[in-house]
1. Rounded to the nearest 0.05, what FRET efficiency do residue A:514 and residue A:273 give with R0 = 56 Å and r taken as the Cβ-Cβ distance? Could you check?
2. Can you tell me how much longer the chain between residue A:532 and residue A:295 gets when fully stretched, taken as 0.36 nm per residue apart minus their C-alpha distance, in nm with one decimal?
3. Suppose R0 equals 56 Å. What FRET efficiency, 1/(1 + (r/R0)^6) with r the Cβ-Cβ distance, do residue A:539 and residue B:47 give to the nearest 0.05?
4. Arranged by the count of other C-beta atoms within 10 angstrom, fewest first, what order do A:472, A:56 take?
5. What Kirkwood hydrodynamic radius, in Å, does the stretch B:3-166 give when the mean of 1/r is taken over all pairs of distinct Cα atoms and then inverted?
6. For labels at residue B:100 and residue A:260 in the simple 7 Å Cα→Cβ model, what's the distance in nm?
7. Can you tell me how the protein assembly as shown classifies by the Cα gyration tensor, rounded, prolate or oblate, using a/c under 1.5 as the rounded cut?
8. Work out the mean other chain Cβ neighbour count within 10 Å for the residues of B:145-154 and drop it here as an integer.
Ligand code: HEM
Ligand code: SF4
């Protein structure tokens, strides 16, 4: 993991002092609301339906046991003893007091955490692959590049007042797990024929209103030019992105208005003016960043005997076998694996954890995974480096703590935004819909038979729950003051990214489990051997689903 | 007359900013003419000590790049403090066009932006712009805002080397 040096420490210390002064001034009536707004947003503080919400960055999803303990303490001391992991690998507090936020930020700074630019019209926390550094299909570890981007974007003086928020995601593996096609900038780290590292650069993806898939504007950017090229993209966007209408202000709209070719050309012209400036990365700085993300000291494991013991246990205890099949992921190092801690038990808001659970997760990380935890964009956690021989013990511990729901990747492992229970922008609640679905589909064998299905739920078109890229997406809509839910089919955020298509008129919340059941029945009826839900939908289209569901309703 | 923050202290601002659609003859005092006026009349606007040019956020310094070295006073307008185009314009003026004269931020800016503004190359800040209404005055020493951070990661106008080359 990246470790702060005295420069990083000084900077966040000064940031806390600055925000403390800004908060004091605001409370004393010396800073008007409109001016305080971007100042607090750029420290992570939203003002929400019931209370402020504080979003804390977990850069590219890596968090240490020490940091988890600090977060636990903060939720206990300043909040109601729980927090929420988001799809952007961050963590949110739902009930902080505005007056106390400077103290919270100071406590976070002590463990090298912060909320800098976690909201607002600026470059947000950079996100990445939860299996960075440990997956077998990795080409280049994305994390050193994420850290270089984190530092470059932090308090960037030119880009603090962009037309709109700006999100960058980086993937370094063959299959994209960071949803780079639906980010303002998506970077794919790769190697060219000469084995040199570089980036494929995508621009203009994004969800929210008018969702869009990003387009490639550069096939191979040599790695050393990363920052000058990013700076060129941001400068073009800062100068020419629309500012007259906040719904048309994202970079995707500019790209569509100009076309990707024109945009790419404009960026190229700007970049050529900066190329080889001092912001060009040197071999030393790259090596310096890489040195923070070396492999931990793996032990050698007798894989064959370990494997035999695990098989034995799985045959005795079916639940262990199921858990292993669903929640344990292969690792690039023989004898190790990555383990999902599910944050989707039925009855708990997806992504929510309590203070004592945070501490328990820290314990597990210290015991089984070199003190580190990864946050996934599916709102779960991953212990990245678990010895195979530790699996039985870890399973028992996770079960006791409520993290062993063996449903990773299935229908009930949904992404879900806070929705109307917390969010003042919501059209509809989303957490109760998620829960109703979990209660209806509680037969694990049925879920396993359905296989991998991504169900994503948002409470409004801002799309915090990524509904456009769910294989099945559910969107809360408001019709004359009543809460309704629109269903979309066929989205994906993986390599084959696509946006879902609306099924038809929306439904009441209580109808949703039945509607889902019908959708799934059609899939089961029509699938051919080996097809996932998405495959079947792509083959037969939305029409058969639509005909059946609305015929039934009529 | 509103004050000007320059070289870390408040001075009298003797300069007028003529409106964007200005036409006619110039006042008898130092003034910033709008970019279009400059482009139409530059032959007759000879005295760089009393005539400067101001750009609005939607205008491009590229449009008068060849003239920049002749000028000693430039200003960039912020229509709203949330409109960050002026930060990019300032860097272009300084870094690409190597302007060494006074670069002034005018319009709607707030004290908490002084640090970023100065990093992007502004060295003068119109004080009426700093205040947001009658009662809103900067409440702290203005140089404190300018010195909010002692560490910066990126290269910028006042620091050509990014931190990674200085670590
Ligand atoms: C509860 C307070 C929240 C508020 C007020 C809020 C607000 C917003 C708004 C206004 C947008 C739309 C931006 C745009 O279209 O330009 C948005 C998008 C988004 N938010 Fe949130 N959000 C909240 C919580 C969350 C949570 C909990 C998550 C993760 C589960 C999240 C993740 C995202 C993502 C992934 C997007 C879409 C990204 C994109 O448009 O490309 N937000 N949010
Ligand atoms: S999708 Fe809408 S309801 Fe859900 S958190 Fe985002 S803004 Fe709130």
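1. Values: r = 59 Å, r/R0 = 1.06.
After rounding, the FRET efficiency stands at 0.40.
2. Working: separation 237, 0.36 × 237 = 85.32 nm, distance 3.44 nm.
That pair, residue A:532 and residue A:295, stretches by 81.9 nm at full extension.
3. Working: r = 75 Å, r/R0 = 1.34.
After rounding, the FRET efficiency stands at 0.15.
4. On the way: A:472 29, A:56 24.
Listed from fewest to most nearby Cβ atoms, that is A:56, A:472.
5. Numbers: mean 1/r = 0.0611 Å⁻¹.
Result for the stretch B:3-166 stands at 16.4 Å.
6. 4.5
7. Numbers: a/c = 1.92, a/b = 1.74, b/c = 1.11.
Verdict is prolate for the protein assembly as shown.
8. Working: counts 2, 0, 1, 6, 9, 5, 11, 6, 11, 12.
That average works out to 6.
Since every read-out is calculated from the coordinates, none of them should be taken as a lab result. Bear in mind that the values here come from a model prediction, so they are computed numbers and not experimental data. Positions of Cβ are backbone-derived with ideal geometry, glycine not excepted, and every protein chain shown enters the neighbour counts.
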